[in-house]
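Here's the structure, in structure tokens; my notes come after.
The values are calculated or read from the model by the stated rules, or taken from the named source; none is laboratory data. Given the structure is predicted, the values throughout are model-derived calculations rather than measurements. Glycine gets a Cβ as well: all are built from the backbone with ideal geometry, and neighbour counts include every protein chain shown. For the accessible areas, the whole protein counts, side chains as well, though only heavy atoms, and no ligand, DNA or RNA atoms are used. Shrake-Rupley method; radii C 1.70, N 1.55, O 1.52, S 1.80 Å.
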Amino acid sequence: MLKFLTYFSIVQMSLFTIEKLNTTRELIIIPFTEMIAQLSTWLIQFFDHQVISNGIILQHIGNGFSVSIESGCNGVEALMILASAMLVFPAPWLFKLQGIIIGFIAVELLNIVRIISLFYLGQWNQVAFEWAHLYIWEALIMLDVLIIFLCWLKFLPNTSELTTKNHAD
């Protein structure tokens with residue numbers, strides 16, 4: 001357990017350091033966040049045509065309310081925590097890759113629900129928006145990461161099956 005926590009901390013610190021680099025932010029993080037904003041706007045426009053996105057900002061044309069998807073709100077940090085745990089856990093590399101891809105999709109889908117709900121909550125009540133943004137959704141996204149990791153562990157091939165398969169090949 002100590003070995004896992006040590007490696008987990010090292011990988012996580014490395015990923016967070018890479019994320020903070022200007023090059024990474026300019027080439028990956030900002031374009032990814034803009035894509036999340038565009039996807040959120042596209043989904044909202046199915047039932048509300050007065051919403052536009054500009055870069056990382058979603059805005060309601062009718063009332064002028066807008067939200068900006070900043071670092072910490074784009075799901076990247078949650079994904080880095082999930083990926084760190086999966087990368088250092090003793091499992092086959094293909095299983096790790098599959099887990100990270102499925103986890104990425106699951107976290108970002110929930111994050112889009114989060115963005116859209118906060119966008120409308122902020123138009124209704126600013127105090128409720130702040131509370132949901134800072135407390136409820138932060139906990140739910142981290143709970144999502146934990147649940148995804150635990151589900152991934154549940155489907156982890158046991159080592160005796162892997163050993164038997166490798167000896168059979």
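Each residue in the range 47-66 was checked for being in contact with a helix residue (DSSP H, G or I) (Cβ under 6 Å, 6 or more places away or on another chain), closer than 30 Å to Ile148 by Cβ and open to solvent by 20 Å² or more (accessible area, probe 1.4 Å), and 3 of them qualify.
Within the range 79-97, none of the residues are closer than 25 Å to Gln123 by Cα and over 14 Å from the mean Cα position of the chain (by Cα). Restricting attention to the range 1-17, which residues are exposed (fewer than 14 other Cβ atoms within 10 Å of the Cβ) and assigned to a helix (DSSP H, G or I)? Leu2, Lys3, Phe4, Leu5, Thr6, Ser9, Ile10, Met13, Ser14, Thr17 - these are the residues of the range 1-17 that are exposed (fewer than 14 other Cβ atoms within 10 Å of the Cβ) and assigned to a helix (DSSP H, G or I).
Filter the range 70-92 down to the residues that are within 16 Å of Arg114 (Cα to Cα) and either assigned to a helix (DSSP H, G or I) or at pLDDT 95 or above (or both) and list them by number. Matches in the range 70-92: Val76, Glu77, Ala78, Leu79.
Within the range 106-142, take every residue that is open to solvent by 50 Å² or more (accessible area, probe 1.4 Å) and hydroxyl-bearing (Ser, Thr, Tyr) and give me the one that is nearest to Val51 (Cα to Cα). Checking each candidate, the answer is Tyr120.
The condition of being modelled with pLDDT of 95 or more, farther than 28 Å from Phe16 by Cα and either open to solvent by 50 Å² or more (accessible area, probe 1.4 Å) or in contact with a Gly (Cβ under 7 Å, 6 or more places away or on another chain) (or both) holds for only one of Leu39, Leu43, that being Leu43. Pairs meeting the criteria (first residue in the range 6-31 and closer than 23 Å to Ser68 by Cα, second residue among the aliphatic types (A, V, I, L, M) and at pLDDT 90 or above, beta carbons under 8 Å, at least 6 apart or on different chains) are Phe16/Met80; Glu19/Ile29; Glu19/Val76; Glu19/Met80; Thr24/Ile18; Ile29/Val76; Ile30/Ile56.
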